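Written below as structure tokens is the structure these notes are about.
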Amino acid sequence: MEKQLIIGQISKPQGIRGEVKVKPYTDSAEDFLGLKRIFIDGTEYKILSVRCAPDAVFLNLRGVADRNAAELLRGKELVVPRDEAPALGEGVYYIADLLGSEVVTEEGEILGTLKDVRQAATDIYTIEREGKDVLFPVAAGVVLSVEPENMRIIVDKKRFYEVAVL
């Protein structure tokens, strides 16, 4: 398992006092409320304040005093140590824990290896299969179980072939 997790990306400065607008990679912007610090390019920043919007988080960071300093952080990813990351609910996983998992049918047929997850209303998984990318939505009935400890995702073969983009 990864020791650090990427939880968002700075999209732009907000205002003139060093606040940054962040695109969260978490399920909810409110997951940032419990954080005390984040790391950007290996540098630790103490979080001074957090404001949440439906699709964004606004952070004031110690050491980022004005718009010019905030502009230097544009496009940078926010990282937290795993033990400080927001807690997960039942059946919810960090993407970092799923990447590299084998996607298999109930019968054990290997369909490919998970290489990307695109977040949308329904997540879109990309697997590599025989050197080609195959995309499929995590729609109802497609994914039967997720076993991050075994690096396996079990899918219903029939539903997989109904929704996969081969």
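Observations on the model:
- Cα gyration tensor category, rounded, prolate or oblate, for the range 95-163 with a/c compared to 1.5: rounded
- Based on the reciprocal of the average 1/r between different C-alpha atoms, the Kirkwood radius for the chain equals 17.5 Å.
- Stretching residue 53 away from residue 33 to a fully extended chain increases their span by 6.0 nm, per 0.36 nm per residue minus the current alpha-carbon distance.
- Pairs of lysines in the range 4-84 (C-alpha under 15 Å apart; 8 or more residues apart or interchain): 6
- Sites excluded, GluC sites (Glu not before Pro) in DSSP loops with at most 16 other C-beta within 10 Å, longest stretch of the chain: 3-89
- Cross-link partners of residue 132 among lysines (Cα-Cα below 26 Å; sequence separation of 8 or more within a chain): 115, 157, 158
- Going from the residue with the fewest nearby Cβ atoms within 10 Å to the one with the most, 37, 67 rank 37, 67.
- Between the range 71-148 and the range 39-62, the alpha-carbon center distance in angstrom: 25
FYI, it's all coordinate maths here, none of it is from the lab. These numbers were taken from a predicted model, which means no experiment stands behind them. Here Cβ is always computed from backbone atoms with ideal geometry, including for glycine, and neighbour counts include all displayed protein chains.
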